[in-house]
Amino acid sequence: MKIKFFNYSLALIFTTVFGCSELPVGQTPTDSNAPSPLLNVVVTPINGGAHITYSLPKDDEDISYVKCEFTYNGKMRVVRSSIYKNYLDVDGIGEPEEIELRLYVVDHSENLSQPYVKKFTPLEPPMKAILNSFKIEPTFGGVVITWDNPAQAMAGISILASDDNGELQLQDMIFSSLPSDMKRLRGFDTQERTFALSITDKYENESDTFKIKVSPWYEILLDKSKFSTPALIGDNTSVNDNRPIEKIWDGVLDDPDKYHGWHTDAAAGFTIPQYFTIDLGQLTLLTHFIWFERGEIYPFAQHNLRLFDVYGTDELTHPRDDAAYFNTDEWKKDWTLLAKCEIVKPSGLPPGTNTPEDLAAHNAGFDFDFKQGVPKMRYLRFEVHDTWAHTPAMHAAEINVYGDDR
């Protein structure tokens, strides 16, 4: 039930344990004279560890680094810190139990000073705070999971759900260090089932399992064979390289030989905000939609949408070519604002640089809820305020629209 991520944690352990170390340079001395010990040591407990400050001995120039040793779960751990710092951090302690630290000054001959020995008890580990903050609530076709991570520690969260036989099965695994985060898990019927969560940190400490029984709300994926575009005046109906808007509801997310999706013409003369409209071909109580942006080298880049609003109506009350209506904000008086959407890049890095977390979010698609408590809708009009490259053009791979058709 607990899912480990060995490769990921190994890389992080390597960075954490050895990232502050500096390899000796030049000729290695061979004396056996121990350096003086640390001065003014202060050990401050933090979540799952300690922050340790100190002063280096001033009368000793033969210092290579500072080393901290402690034992947890029967394993010796070592943290090293450069002489250019006056602190080091100990983390990865999965329980608030007493730990004995031994701190040494190490010279270029690897001689150790007399140890500074200190016992301390860390604060509640980060994954305990995450576990205690979990909320799982029903939504259309699944559940919404939210949590807090006050220490902003990297956590691997395993999400499980019971199958028709009541057995828990892994549904997804999320890596997150955000101070607060959420995940929607979809694709379930309305049958009550058990949803469960567990956490593994980068040191392979595992949490208890959080479980709750939830009955998801009814919804279906709308039949995309009924979709079309009414091509309202003011819509960006331009086409680049034979890739019309119909490509975003053809059910094809990717083509290994060529980009497969919608692409407007950047030279067509449209301005921001840009508009496009979809006729769903059916009246439906809308629940949510998933937007899949163009991939290849373009996640969170170029003409992919970044900021946009979605409006809905049950009927078109004006002719499609009524410029005085659709080319001004007059149409908004008759349409309902259903969603204000922002596509957020998890890492916050500039376009062109993507972390594994970024690519995972891109591949999953961007899930937006529609406003509830409104009548059935047939038409969706998108008002695009910004793309990642701030361009008067748009491209995308696919859209999935969900609703209650009963």
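The values are calculated or read from the model by the stated rules, or taken from the named source; none is laboratory data. Everything quoted here is computed from the prediction, not taken from an experiment. For neighbour counting, all protein chains shown are included, and Cβ atoms are generated from backbone atoms with ideal geometry for every residue, glycine included. Remember, those area values only see protein heavy atoms, side chains included, never the ligands or the DNA or RNA. Shrake-Rupley method; radii C 1.70, N 1.55, O 1.52, S 1.80 Å.
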Selection within the range 230-246 - out of contact with any strand residue (DSSP E or B) (no Cβ under 6 Å at 6 or more places or on another chain) and on the phi < 0 side of the Ramachandran plot: I233, T237, S238, V239, P244, E246
Qualifying positions in the range 360-381 - farther than 15 Å from K340 by Cα and within 23 Å of the chain's Cα centre (by Cα): A360, A361, H362, N363, A364, G365
Matching residues in the range 314-327 - criterion: being free of Cβ contacts under 8 Å to residues at least 12 places away in the same chain and either touching a Leu at 6+ places or on another chain (Cβ under 6 Å) or part of a loop (DSSP other than H, G, I, E, B) (or both): P319
In the range 83-112, the residues that are closer than 17 Å to Y54 by Cα, touching a Pro at 6+ places or on another chain (Cβ under 7 Å) and part of a loop (DSSP other than H, G, I, E, B): D107
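Just to be sure, is V117 in contact with a strand residue (DSSP E or B) (Cβ under 7 Å, 6 or more places away or on another chain), hydrophobic (A, V, I, L, M, F, W, C), part of a strand (DSSP E or B) and open to solvent by less than 70 Å² (accessible area, probe 1.4 Å)?
No, not satisfied.
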For T353: the one exception among (1) free of Cβ contacts under 8 Å to residues at least 12 places away in the same chain; (2) touching a helix residue (DSSP H, G or I) at 6+ places or on another chain (Cβ under 9 Å): (2)
Every residue from the range 108-134 that is in contact (Cβ under 8 Å) with a residue 24 or more places away in the chain and over 21 Å from V90 (Cα atoms): H108, S109, E110, N111, L131, F134
Residue match in the range 209-226 (condition: within 29 Å of P356 (Cβ to Cβ) and among the polar types (S, T, N, Q)): yes
Listing of strands (runs of 3 or more DSSP E) fully contained in the range 146-253 that carry 1 or more residues being in contact (Cβ under 8 Å) with a residue 60 or more places away in the chain and over 30 Å from L305 (Cα atoms): 155-162, 168-176, 193-201, 210-214
Residues located in the range 339-394, provided they are open to solvent by 60 Å² or more (accessible area, probe 1.4 Å), in contact with a Phe, Trp or Tyr (Cβ under 7 Å, 6 or more places away or on another chain) and in a loop (DSSP other than H, G, I, E, B): P351
Any chance E137 is in a strand (DSSP E or B) and either touching a residue at least 12 places away in the same chain (Cβ under 8 Å) or open to solvent by 10 Å² or more (accessible area, probe 1.4 Å) (or both): yes
Matching residues in the range 320-335 - criterion: being open to solvent by 40 Å² or more (accessible area, probe 1.4 Å) and in contact with a Pro (Cβ under 9 Å, 6 or more places away or on another chain): R320
Residue within the range 58-78 that is surrounded by 14 or more Cβ atoms within 10 Å (Cβ to Cβ) and in contact (Cβ under 8 Å) with a residue 60 or more places away in the chain present: yes
Positions within the range 141-169 being of a type outside the set (G, A, S), crowded, with 21+ Cβ neighbours inside 10 Å and within 26 Å of N47 (Cβ to Cβ), in sequence order: I145, W147, N149, I157, L160
Pair list, Cβ under 9 Å, 6 or more apart: the range 294-313 residue at positive phi, other residue among the charged types (D, E, K, R) and not in a strand (DSSP E or B): E296/D254; F300/E293; F300/K345; F300/D358; Q302/R294
